[in-house]
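Structure, as structure tokens:
The values are calculated or read from the model by the stated rules, or taken from the named source; none is laboratory data. Because the structure is predicted, anything quoted here is derived from the model rather than measured. Positions of Cβ are backbone-derived with ideal geometry, glycine not excepted, and every protein chain shown enters the neighbour counts. In case anyone asks, the SASA skips ligands and DNA or RNA and just uses the protein heavy atoms, side chains included. Shrake-Rupley method; radii C 1.70, N 1.55, O 1.52, S 1.80 Å.
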Amino acid sequence: MSESHVWGEVDAYFTAHLAPDDEALAAALRDSDAAGLPHINVAGNQGKLLQLLAQIQGARHILEIGTLGGYSTIWLGRALPADGRLVSLEYDPRHAEVAVRNIARAGLDKLVEVRVGPALESLPKLADENPPPFDLVFIDADKANNPHYVEWAIRLTSTGSLIVLDNVVRGGRVVDADSTAPDVMGTRAAIELIAAHPRLSGTAIQTVGMKGYDGFALARVLA
């Protein structure tokens, strides 16, 4: 059995016992696949981790950058109280259409708002609304803009908020300081921003599983 196959089997075991999909989550994946969306959604056990992090935070306001088909959005939305709010930003209108249907099927349409357009255009508009600070920000969009997304996350949060940055390992390519690949350059810039920023305390974790070799960074916003 190959190493990657073992990773997938272990993920499947953990997910089946600790984070099984219900009908709404399974349907979100089916509809995303049927619509031809890329298979880049978080795994089930990763979605459960996001939900737990939001619950540990006691999150009432969540910002997601990168909706895709709404699978991670559903996990996060389920962590919110009845008067909570999740704003999810999606570049692709076709992805957003699928996500909105999936979110409504999960019964979260009153809590979740999907905004369509480039996130770097949506974020200033969101800031202009002067929303309450977001308790958790999940960044899972185009990697070249990761440092900009982290900067906006700092602006839209407050002391104690949590920033989660997905896909930071890039199959190990993140260590290549000479890489000119936009995803690697953006990810390295975001990691270095977290390391240097006086209002952030962060770390990064490598992961293996059905999504291959990757990882995520966590950063807590300081006073």
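Loop only by DSSP, 15 or fewer other Cβ within 10 Å of the Cβ. Give me the trypsin sites (Lys or Arg not before Pro) in the range 99-147 that pass, ordered by residue number.
Lys110
Any idea how many Lys pairs in the chain come in under 24 angstrom at the alpha carbon, given 8 or more places apart or on separate chains?
Value for the chain: 6.
Could you calculate the FRET efficiency of Ala196 with Ser2 from 1/(1 + (r/R0)^6), where r is the beta carbon distance between them and R0 is 25 Å, rounded to 0.05?
Between Ala196 and Ser2 the formula returns 0.05.
What is the range 132-214's relative contact order, in percent, from Cα pairs under 8 angstrom and six or more apart in sequence?
33 percent.
Could you rank the peptides 189-202, 80-93 by their average count of other C-beta atoms within 10 Å per residue, with the highest value first?
80-93, 189-202
Give me the accessible area per residue for the chain, probe 1.4 Å, as a whole number in Å².
Spelled out: the 1.4 Å probe surface of the chain, per residue, equals 47 Å².
So between Asp176 and His39, what do we pick up on full extension, going 0.36 nm a residue minus the alpha carbon distance?
46.8 nm
Pairs of Cα atoms under 8 Å, at least six residues apart: use those to get the relative contact order of the range 3-221, whole percent.
It comes to 20 percent, rounded to a whole number.
Once you have the Cα-Cα distance between Val10 and Ser158, take 0.36 nm times their residue separation minus that, and quote the gain in nm to one decimal.
49.6 nm is the gain from fully extending Val10 to Ser158.
Please compute the modelled spin-label separation between Asp21 and Arg94, points set 7 Å along Cα→Cβ, answer in nm with one decimal.
2.1
Going toward the positive end of the dipole of the range 3-221, with +1 on Lys and Arg Cβ and -1 on Asp and Glu Cβ, which of Ala19, Ile191, Asn130 do you reach last?
The listed residue farthest towards the positive side: Asn130.
Okay, helix-only estimate at 222 nm for the chain: each DSSP H run of n ≥ 4 adds -39500 (n - 2.57), divide by all residues, round to 500 deg cm²/dmol; what do you get?
That calculation yields -13500 deg cm²/dmol at 222 nm.
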